[in-house]
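Have a look at the structure below, then the notes.
Just so it is clear, none of the values below were taken in a lab; they were calculated from the coordinates. These numbers come from a predicted model, not from an experiment. Counting neighbours? That spans all protein chains shown, and the Cβs are built from the backbone with ideal geometry, glycine included.
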Amino acid sequence: MNRRYFAGVALAALLGVAGCSGDGSEPKTSGDRETVEAYITALNERDTDALLKLDGATGPAAERDAGKIIEEKGGRGLKVEDIRIDYDFGPDVGSAKITAKDSKGADYRESLTITRDDGRWYLTVLPAPTQEQGGKKPAGTSEPTDGTGPSKSMSG
């Protein structure tokens, strides 16, 4: 099972319930908390490349999604007040809850899935990639138009 799929499943389950380098190198993180701090730094510095490396995603769609996240959340001068990481799914998958204030004093809160793969920590910050449908249309959910649907009463 690939890491991004598992992280997406873990994120769906959770909904029920520091520095980066811009020189092309990997973000300098050694642990779970440092990975979350590197995420905040990437947002503050509007560093799309660092965001992609923290998520582990590649390709044009990931680059587009990372750019949208930086556009929406980046450059706000976030100062972390608290990072809480709960390991709900064992030692390698958890939820990171960030509490911060932006440069204007506004509250900022975000929850992310954090996973460890082969000793390296990643954050699921980008949407899961969509699968091609191969030209197929999804099944409809409307009632049949021939009068046989469940809302039609049967006389007896």
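Each peptide among 43-50, 65-72 gets the average number of other Cβ atoms lying within 10 Å of its residues, and from highest to lowest they stand as 43-50, 65-72. Each label point was placed 7 Å from the Cα along the Cα-to-Cβ direction; for Arg120 and Glu34 their separation is 1.4 nm.
Would you calculate the separation in nanometres between label points at Ser111 and Glu63, each defined as 7 Å from the Cα along the Cα-to-beta-carbon direction? The two pseudo-label positions are separated by 3.3 nm. Quick check: from the Cα gyration tensor, does the range 29-109 come out rounded (a/c under 1.5), prolate or oblate? Verdict is oblate for the range 29-109.
Here the simple spin-label model places points 7 Å from the Cα toward Cβ, and for Lys104 and Tyr87 these points are separated by 3.9 nm. When the range 26-131 is described by a simple charge dipole with +1 on each Lys and Arg Cβ and -1 on each Asp and Glu Cβ, the residue from Gly56, Thr99, Gly31 located farthest towards its positive end is Thr99.
Each of the peptides 103-115, 52-64 was scored by the mean count of other Cβ atoms within 10 Å over its residues; in descending order, highest first, they stand as 52-64, 103-115.
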